[in-house]
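The values are calculated or read from the model by the stated rules, or taken from the named source; none is laboratory data. Nothing here was measured: the structure is a model prediction, and the numbers come from that model. Every residue, glycine as well, gets a Cβ built from its backbone with ideal geometry; the counts of neighbours run over all protein chains shown.
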Amino acid sequence: MLDAVAECQEGFEVVIQEPVRNLSQNAKLWAMLAEVEEQLIWHGYKLTAYEWKDFFTASLFEYKIVPNMDSSGFIGLGKSSSKLRKKEFSD
């Protein structure tokens, strides 16, 4: 690995960071979200697996809630789950 760093061209960056989630973690997440979708109704709403993913992600991180474009509801703005580190993802 050090040889590869030494041979980098000028302008390249070397980043050392925790790994992000892997494909098996991603598959497990979507299997679990599908089960939640089948089993739960949230305050009268039947949420999709995608909506549950947003719900759980918003519960972990600070989101901003803003009116949507036509002012008929609200949307949450925050961190994408694809950028989560393994520890964050397991939470």
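Scan region 38-46 and tell me whether some residue there is of a type in the set (D, E), surrounded by 14 or more Cβ atoms within 10 Å (Cβ to Cβ) and either out of contact with any strand residue (DSSP E or B) (no Cβ under 8 Å at 6 or more places or on another chain) or modelled with pLDDT of 90 or more (or both). No - not one qualifying residue is present in region 38-46.
Please verify whether K28 is basic (K, R) and either in a loop (DSSP other than H, G, I, E, B) or in contact (Cβ under 8 Å) with a residue 24 or more places away in the chain (or both), treating the condition exactly as stated.
No: the conditions fail for K28.
Of all residues in region 28-71, those satisfying the criterion of being in contact with a Lys or Arg (Cβ under 9 Å, 6 or more places away or on another chain) and of a type in the set (D, E) are E37, E62.
Among the conditions (1) without any contact (Cβ under 8 Å) to a residue 60 or more places away in the chain; (2) touching a Lys or Arg at 6+ places or on another chain (Cβ under 6 Å), Q9 misses just one, which is (2). Within region 48-77, the set of residues being modelled with pLDDT under 90, touching an Asp or Glu at 6+ places or on another chain (Cβ under 7 Å) and not in a helix (DSSP H, G or I) comprises just one member, G76. Residues in region 6-18 that are exposed (fewer than 10 other Cβ atoms within 10 Å of the Cβ) and of a type in the set (A, V, I, L, M, F, W, C) were compared, and the one that is nearest to R85 (Cα to Cα) is I16. Within region 47-69, restricting attention to residues that are in contact with a strand residue (DSSP E or B) (Cβ under 7 Å, 6 or more places away or on another chain) and among the hydrophobic types (A, V, I, L, M, F, W, C), the residue that is surrounded by the most Cβ atoms within 10 Å (Cβ to Cβ) is A58.
Taken over region 60-86, residues that are of a type outside the set (D, E, K, R) and within 11 Å of the chain's Cα centre (by Cα) amount to 7.
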